[in-house]
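My questions will all concern the structure given below.
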Amino acid sequence: QVQLVESGGGLVQPGGSLRLSCVASGFIVSIVRMGWYRQDLGKERELVAFMTNGGRTNYSDSAKGRFTISRGNAKTTVYLQMMNLKPEDTAVYYCNAETVVGPEEFLLDVWGQGTQVTVSS
């Protein structure tokens, strides 16, 4: 099986910063896409940012200019650097990956358990 483990969430004041990380493990042939979603209480889950295997990135409008997605050298770790955090950024942040798993080499969509980010004074 493939697993994603997030870390780095916590409580931060408005204007502060946090860096989230996600590590993928398991029988992974390749990762097609890896990134972050978030979901606050009573709201729909929404895309924050993702990066393709080729390095192309995509950001939500609220994330542009404040958040930066990056990955480790092995391409099985992804980071989300969040700057100038606002109360409306409060949510559970979920790592997501579209992976090719072996030995049959089929596509598998994988979600992490989530990490809580709370922005409050």
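The values are calculated or read from the model by the stated rules, or taken from the named source; none is laboratory data. Because the structure is predicted, anything quoted here is derived from the model rather than measured. Don't worry about glycine lacking a Cβ; one is built from the backbone with ideal geometry, like all the others, and counts go over all protein chains shown. We work out accessible area using only protein heavy atoms, side chains counted, and drop any ligands, DNA or RNA first. Shrake-Rupley method; radii C 1.70, N 1.55, O 1.52, S 1.80 Å.
How high is the FRET efficiency from Gln3 to Lys43, r the C-beta distance, R0 25 Å, rounded to 0.05?
Computed FRET efficiency for Gln3 and Lys43: 0.45.
Near Lys64, which aspartates and glutamates are there with a Cα under 16 Å away, not counting those fewer than 8 places off in the same chain?
Within the straight-line cut-off, Lys64 pairs with Glu46, Glu88, Asp89.
Around Ser25, with a cut-off of 15 angstrom between Cβ atoms, what is the net charge of the other residues, counting Lys and Arg +1 and Asp and Glu -1?
Local charge sum for Ser25: +1.
Highest mean first, how do 6-12, 47-53, 89-95 rank when packing is the count of other Cβ atoms within 10 Å averaged over residues?
89-95, 47-53, 6-12
Then there is this: Given a 1.4 angstrom probe, what's the average accessible area per residue across the chain, in square angstrom?
I get 53 Å² per residue for the chain.
Calculate, axis by axis, the spread of Cα positions in the chain along the three principal axes, and write the results as whole Å, longest axis first.
50, 26, 22
Gain in length, Gln13 to Phe27, computed as 0.36 nm per residue apart minus the alpha-carbon separation, to one decimal in nm?
Gain in length upon complete extension: 1.1 nm.
Which whole-number percentage describes the relative contact order of the chain, with Cα contacts under 8 Å and a sequence gap of 6 or more?
Relative contact order, the chain: 36 percent.
Note down the net charge around Gly9, summing +1 for each Lys or Arg and -1 for each Asp or Glu among other residues with Cβ under 14 Å from its Cβ.
Result for the local shell: -1.
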